[in-house]
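A quick write-up on the structure given underneath.
The values are calculated or read from the model by the stated rules, or taken from the named source; none is laboratory data. No experiment lies behind these values; they were computed from the predicted model shown. Ideal geometry is used to build each Cβ from the backbone, glycine not excepted, and the neighbour counts take in all protein chains shown. Each accessible area value is taken on the protein alone, full model and side chains, heavy atoms only, with ligands, DNA and RNA left out. Shrake-Rupley method; radii C 1.70, N 1.55, O 1.52, S 1.80 Å.
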Amino acid sequence: MDFPHCAATFFLFALLFSTTKAVDPCATQSDNSDLSVIPIYSKCSPFVSPKQDSWVNTVITMASKDPERLKYLSTLADQKTTAVPIAPGQQVLKIANYVVRVKLGTPGQQMFMVLDTSNDAAWVPCSGCTGCSSTTFLPNASTTLGSLDCSEAQCSQVRGFSCPATGSSACLFNQSYGGDSSLAATLVHDAITLANDVIPGFTFGCINAVSGGSIPPQGLLGLGRGPISLISQAGAMYSGVFSYCLPSFKSYYFSGSLKFGPVGQPKSIRTTPLLRNPHRPSLYYVNLTGVSVGRIKVPIPSEQLVFDPNTGAGTIIDSGTVITRFVQPVYFAIRDEFRKQVNGPISSLGAFDTCFAATNEAEAPAITLHFEGLNLVLPMENSLIHSSSGSLACLSMAAAPNNVNSVLNVIANLQQQNLRIMFDTINSRLGIARELCN
């Protein structure tokens, strides 16, 4: 026996084992300015997933909440002052999303906040909140917290603000969220830490009470287009640019990334114009001109895709909806062409109405989304989802529910996974590039 050789081999194996063991996939990387984007029910998230027997069933359950999300998006028609009833209640998380780890205050208090591109304001549960989770922000523990009253410009920029006709008082606001939930909050400002970056005087809501099951337990980070969103408040610091890469819901041990600023963004990235709707200023509209199934351009009347600021019609990119939803005539045309090209009987599974035997998956056509100046061919993992047994494959899209203002097409997070989605709010461009996010 070559003992020295065996000893050296054993030492090398032990070194590799110890190095591998030391790596924590959930740890914050201190030398990296990116924020980790974490699937809300992954190992790196503090939230407990619903009791399901597979990740597929978890996604099916999460997708069943999409109609509530679309109902919420349909209410974002303007920024009128609204009154939302608030009632105490135990919170059970009912939304599917991604969270980012940030710190608020000085010293920083860690919060896992939901990433939302269709909302402007950020808000977190604060100590003493009625109906909130046990993890709250402690305002009294921060040395840099400041209050905002009704005379401040930021107050009128928040949807649902409430101020007296005369005199001065703290800026209060009520908002609905997710279609079935509401919150009451006080507007404050404090430092926010994003990886290595600190933004002083960041304006956000300090939640006093919640009702319903869709309010994120540790708050929400609004990345919409309005003046009070994080990207707007950061100003020249990030030049109005951010991007994310969303990992697959299957990525239990891994996370994606959220990048702020033009540095580090893909150098060669295809872009399409971002359209602005003054009646829905938070939303990121894009010009979807058509959809192809395989080599067939689906015959869709242009009026069913056209952007119309007055009605809210058009197509948006949204981080909070699970599966892409098209207005019914558009979806039915896409679905019917897809069914034509797949052999065998069609069945349904949860929100998915076009399922077929997985043995025929090789015949499944690719879905191409045609945007102005950009064609996005969806990888199969972004257009198909499999049953927990693996026997079925389903087209992972659906029709918008007909009980909401069904004029909006929503490109959702399942179709965005493992893509770098870049938002350039100053130049009004949206970029898309392939990237392995896990």
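Assorted remarks:
- Residue count for the stretch 263-298, restricted to those that are within 17 Å of ARG420 (Cα to Cα) and touching a residue at least 60 places away in the same chain (Cβ under 8 Å): 12.
- Near pairs, Cβ below 6 angstrom, 6+ apart or cross-chain, from the stretch 143-168 (over 15 Å from ALA121 (Cα atoms)) to any residue that is surrounded by 15 or more Cβ atoms within 10 Å (Cβ to Cβ) and among the acidic types (Asp, Glu): THR144/ASP190; LEU145/ASP190
Let's see how each residue does on (1) among the acidic types (Asp, Glu); (2) in contact (Cβ under 8 Å) with a residue 40 or more places away in the chain; (3) closer than 20 Å to VAL306 by Cα; (4) open to solvent by less than 10 Å² (accessible area, probe 1.4 Å):
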{"site": "LEU374", "(1), (2), (3), (4)": "no, yes, yes, yes"}
{"site": "SER391", "(1), (2), (3), (4)": "no, no, no, no"}
{"site": "PRO401", "(1), (2), (3), (4)": "no, yes, yes, no"}
{"site": "ASN409", "(1), (2), (3), (4)": "no, yes, yes, yes"}
{"site": "MET422", "(1), (2), (3), (4)": "no, yes, no, no"}
{"site": "SER428", "(1), (2), (3), (4)": "no, yes, yes, no"}
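- In the stretch 329-340, the residues that are within 12 Å of MET397 (Cα to Cα) form Cβ pairs under 7 Å with partners that are assigned to a helix (DSSP H, G or I) and open to solvent by 40 Å² or more (accessible area, probe 1.4 Å), at six or more places apart or across chains, as follows: VAL330/GLN304.
- Among the residues of the stretch 260-290, the ones that are under 23 Å from the mean Cα position of the chain (by Cα) and in a strand (DSSP E or B) come to 10 in all.
- Selection of first residues in the stretch 299-325 that are of a type in the set (Val, Ile, Thr) and of second residues that are modelled with pLDDT of 90 or more and open to solvent by 60 Å² or more (accessible area, probe 1.4 Å), restricted to Cβ pairs under 9 Å at least 6 apart or on distinct chains, gives the following pairs, ordered by first then second residue: ILE300/PRO329.
- Among all positions in the stretch 109-126, there is no residue which is over 23 Å from the mean Cα position of the chain (by Cα) and farther than 25 Å from CYS44 by Cα.
- Residue count for the stretch 107-126, restricted to those that are farther than 14 Å from PRO217 by Cβ, touching a strand residue (DSSP E or B) at 6+ places or on another chain (Cβ under 8 Å) and surrounded by fewer than 19 Cβ atoms within 10 Å (Cβ to Cβ): 1
- Complete set of residues in the stretch 207-240 that are of a type in the set (A, V, I, L, M, F, W, C), open to solvent by 10 Å² or more (accessible area, probe 1.4 Å) and under 23 Å from SER36 (Cβ atoms): ALA234, MET237
- Some residue of the stretch 243-266 being of a type in the set (Val, Ile, Thr) and open to solvent by 20 Å² or more (accessible area, probe 1.4 Å): yes
- Applying the set (1) of a type in the set (Ser, Thr, Tyr); (2) open to solvent by 50 Å² or more (accessible area, probe 1.4 Å); (3) touching a Phe, Trp or Tyr at 6+ places or on another chain (Cβ under 6 Å) to THR289 leaves exactly one unmet item: (3).
- The condition of being assigned by the TED database to the domain that holds ARG101 and farther than 25 Å from SER156 by Cα holds for only one of ALA195, ALA191, ALA185, ALA236, that being ALA195.
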